[in-house]
1. Per residue of the stretch 40-56, what does 6.51 cos²θ - 1.76 cosθ + 1.60 with θ = phi - 60° give for ³J(HN,Hα)? Whole Hz please, x for Gly and Pro, Karplus curve as stated.
2. Only counting other Cβ atoms within 10 Å, I'd like D96, D40 sorted with the fewest neighbours first.
3. Summing +1 for each Lys or Arg and -1 for each Asp or Glu, what net charge is found among the other residues whose Cβ lies under 12 Å from the Cβ of T76?
4. On a full-extension model of 0.36 nm per residue, what is the gain between L87 and Y42, subtracting their alpha-carbon distance, rounded to one decimal in nm?
5. Quick one: how many lysine pairs does the stretch 24-95 have with C-alpha atoms less than 26 Å apart and a gap of 8 or more or different chains? Give me the count, please.
6. R67: net charge of surrounding residues, Cβ under 13 Å, Lys/Arg +1, Asp/Glu -1, itself excluded?
7. How much length is gained on full extension from K51 to S63, taking 0.36 nm per residue of separation minus their Cα-Cα distance?
8. Obtain the nm distance between the two label points defined at H74 and V24 by a simple spin-label model: each point lies 7 Å from its Cα along the Cα-to-C-beta direction.
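The numbers here are math on the coordinates, done by the rules we state, and not lab data. All figures in this text were calculated on a predicted structure; none of them were measured in a lab. All Cβ positions, even for glycine, are placed from backbone atoms using ideal geometry, and neighbour counts span all protein chains on display.
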Amino acid sequence: MKNRLFLLFISLITLSACSTVQEVQIVQTGANSYEIIKTDTYYSGPGVLQKEIRRKALGFCHSLKKRLHIISIHETKPPFTGNKVPLAEIQFKCNDQKH
């Protein structure tokens with residue numbers, strides 16, 4: 001009985017971790033140019049995903065000791081039906097501090 005409960009517990013933890021953890025990838029698109037795209041399964045409200053990716057981009061440029069320059073930023077709007085999901089994307093550059 002204890003073994004079954006332990007296996008059930010481990011399975012639940014594994015499944016919940018897989019469904020909630022979502023890594024945001026930063027993709028280099030050119031010289032000092034990058035893109036972040038983030039989707040979510042739930043709509044958290046207007047601007048929430050946009051704030052998250054903007055913060056991620058700012059932190060990334062800061063880690064390079066550079067300044068964030070946003071080229072474009074976009075977030076899908078409701079209603080989310082069919083294949084349309086909450087999504088936000090940002091194209092940005094990390095410029096030298098003196099620019």
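1. 9, 8, 10, 8, 8, x, x, x, 5, 5, 4, 4, 4, 6, 5, 5, 5
2. D96, D40
3. Details: positive: K38, K77, K84; negative: D40, E75, E89.
Within the 12 Å Cβ shell, the charges total 0.
4. Numbers: separation 45, 0.36 × 45 = 16.20 nm, distance 1.00 nm.
Using 0.36 nm per residue and subtracting the Cα-Cα distance, I get 15.2 nm.
5. 20
6. On the way: positive: K65, K66, K93, K98; negative: D96.
Cβ neighbours under 13 Å give a net charge of +3.
7. Details: separation 12, 0.36 × 12 = 4.32 nm, distance 1.82 nm.
Extending this stretch completely gives an extra 2.5 nm.
8. With each label placed 7 Å out from Cα toward Cβ, I get 1.8 nm.
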